[in-house]
Protein chains: 2
Amino acid sequence: MFKKVLIIGCGLIGSSILRAMHKKKLSKKIFVLEKSKNNISKIKKIKSNCKFIKNINNEISDVDLIIISTPMSQYKKIIVKLNKFLKESCLITDVGSTKKNIIKLKNKFLNKKLNWISSHPIAGSEVSGPEYGNKNLFLNKWCVIIKEKNQSSKKFNLLNKFWKKIGSKVVLMDAVNHDKIFSITSHLPHLIAYNLIKTAQDAQKIQKKDLIKYSAGGLRDFSRIAASNEIMWRDIFFNNDNIIKAINLFSKNLNIFKKIIQNKNNKKILSRLTNSKKVRTQIVQLKQDVAKPDFGRE
Amino acid sequence: MFKKVLIIGCGLIGSSILRAMHKKKLSKKIFVLEKSKNNISKIKKIKSNCKFIKNINNEISDVDLIIISTPMSQYKKIIVKLNKFLKESCLITDVGSTKKNIIKLKNKFLNKKLNWISSHPIAGSEVSGPEYGNKNLFLNKWCVIIKEKNQSSKKFNLLNKFWKKIGSKVVLMDAVNHDKIFSITSHLPHLIAYNLIKTAQDAQKIQKKDLIKYSAGGLRDFSRIAASNEIMWRDIFFNNDNIIKAINLFSKNLNIFKKIIQNKNNKKILSRLTNSKKVRTQIVQLKQDVAKPDFGRE
């Protein structure tokens, strides 16, 4: 499918792409640009014939595809280098979790002759690093490709094909809608999980009790999400401007919930709790989660 | 261990106790009082020689142990019946999730000659009903027994032994501390999950977009908890007066989080996100959750 591919940043997502590409034989040559020595030694254990490079330089001037899977805060300096060394025929994509900021950055700094079409595979984990990568990470998962005016349809089709080859279900969105949707289905849940764990830590200090010991009643679920990579999530929270609106909507609902409890409003609370159930059923039907109770955990 | 036991309310928890007791041969005779015909037909399929009764009456006057596992809102009318038919030698326990209210109710309405020692096995699921019960539900899970003044130490030892026999790790607490601890580790997480799902439902209406489809990025985890039984959780939210304090602490933290994001305060956000990670590590070390990434889900 490709002659030469470059993966920039090879953590959980980058290494999963590497594994999937190797398995599906999607490129004759795969270069990996990874700064962490620790990660490099882990990537060397992955079954793939990737070649490590230390910098963006002439060696990669003729690659067909570049996949940027570093934290988003590194994109700007990567763009500057790409401008310097890349041929026009190359397709660039990224896997960042917010899109308005990336499109803006790209439009401002990337050489206009280069092709960048942004992607967002909806896959991940609370763990990070190449050792946790998985060739099947994208299997039957959504991958959003960001639509823009004046995109090369040839490059677009190529990217579409690429994600489908490694197992994703592709969906098109513009950056604005992408950021709105994922502010609710991903960014707010993570923020709320982080905030709940912080609250439990505070309560532990206030109560002077060993609370964490008794986490099996619900808290443990949130602790998983709240263990996600801090650099990635800082970048997301700082770059999706819909998150403030999402927090405000959540807070408004929380205040109403508080009043329902204070007034012991039986009708209203039962209506809330019953309605929530429907979402779980829907999520399981849509194969967005496993059907087993308790995630089949025990 | 017992001659005659009565389980009142035989849903997920009651039927798990029934299964565990049958497996461990903890009683010669087990009576089940269950009002739902649908549940009764499901319980009949469970391997146990339980006998169904339709009402609390003379038939159960000589049981050794009664386990109440109905929603807490039914306790009062159960107590009235128990007063009428029960011998003094019987031990009564319950599995309710809040304790101050139960102790108050019991002290007010239960015949002073009867022995009620309250329990709270920290086990459950988002699914409810006897078909989801499991003889191993309590295995290596905490079970809180509520300490009170003037408890019969003989009865207390018996109850302690009972929970241990069906696999629990027993811990003693007074009702006040119990309610404080579980307001944070269980009740607040459930309330927050319900509130997040409600917020996603609202956002779906506001955005006029099919959000739920993209739940794999985090929302799906909350939808599991928010699918929990509405009667059980109404009773918990209405009866743990610590929940309002917990909501306020959560809201205070959420407002700070919002400001950190608005000010793009790099140091503060990294400190928050990094600190949360420690809790996950602790929870896994304490065997309060599985060690596998993503709950070993896929």
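The values are calculated or read from the model by the stated rules, or taken from the named source; none is laboratory data. All values derive from a computational prediction rather than experimental measurement. Virtual Cβ from ideal backbone geometry, glycine too; neighbours counted across all protein chains shown.
Quick rundown of the values:
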item	result
Number of the condition not met by B:Ile206 [criteria: (1) crowded, with 21+ Cβ neighbours inside 10 Å; (2) of a type in the set (A, V, I, L, M); (3) more than 7 Å from chain A (Cβ to nearest Cβ)]	(1)
Hits in segment B:247-266 (condition: more than 7 Å from chain A (Cβ to nearest Cβ) and either under 15 Å from A:Gln207 (Cβ atoms) or crowded, with 22+ Cβ neighbours inside 10 Å (or both))	B:Asn248
For A:Pro189: the one exception among (1) closer than 20 Å to B:Lys209 by Cα; (2) not in a helix (DSSP H, G or I)	(2)
Residue within segment B:24-33 that is without any contact (Cβ under 8 Å) to a residue 60 or more places away in the chain, of a type outside the set (S, T, N, Q) and more than 23 Å from B:Trp163 (Cα to Cα) present	no
Test: A:Ser183 is part of a helix (DSSP H, G or I) and at the interface with chain B (Cβ under 7 Å from one of its Cβ atoms)	no
Qualifying residue in segment B:57-73 (condition: touching an Asp or Glu at 6+ places or on another chain (Cβ under 9 Å) and without any contact (Cβ under 8 Å) to a residue 60 or more places away in the chain)	no
Residue check for A:Ser228: over 30 Å from B:Val171 (Cα atoms), hydroxyl-bearing (Ser, Thr, Tyr), touching a residue at least 60 places away in the same chain (Cβ under 8 Å) and facing chain B (nearest Cβ under 7 Å)	no
Residues of segment A:277-298 satisfying the condition of being facing another protein chain (nearest Cβ under 8 Å) and either in a helix (DSSP H, G or I) or within 11 Å of B:Ala227 (Cβ to Cβ) (or both)	A:Lys277, A:Val279, A:Arg280, A:Thr281, A:Gln282, A:Ile283, A:Asp289, A:Pro293, A:Asp294, A:Phe295, A:Gly296
Meets criteria (among the acidic types (Asp, Glu), facing chain A (nearest Cβ under 7 Å) and in a helix (DSSP H, G or I)) for B:Asp221	yes
Qualifying residue in segment A:195-203 (condition: more than 30 Å from B:Ser168 (Cα to Cα) and either crowded, with 23+ Cβ neighbours inside 10 Å or touching a Gly at 6+ places or on another chain (Cβ under 7 Å) (or both))	yes
Odd one out for A:Phe85, checked against (1) over 25 Å from B:Gly217 (Cα atoms); (2) surrounded by 13 or more Cβ atoms within 10 Å (Cβ to Cβ); (3) in contact (Cβ under 8 Å) with a residue 40 or more places away in the chain	(3)
Every residue from segment A:246-298 that is under 28 Å from A:Cys143 (Cβ atoms) and assigned by TED's automatic domain parsing to the domain that holds A:Ile184	A:Ala246, A:Ile247, A:Leu249, A:Phe250
Sole residue being within 22 Å of A:Gly218 (Cβ to Cβ) and surrounded by fewer than 16 Cβ atoms within 10 Å (Cβ to Cβ), chosen from B:Asn140, B:Asn157, B:Asn150	B:Asn140
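Yes or no, residue by residue, for (1) modelled with pLDDT under 95; (2) touching a helix residue (DSSP H, G or I) at 6+ places or on another chain (Cβ under 6 Å):
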position	(1), (2)
A:Gln207	yes, yes
A:Asn229	no, no
A:Asn242	no, yes
A:Ile247	no, yes
A:Ala291	yes, yes
A:Phe295	yes, yes
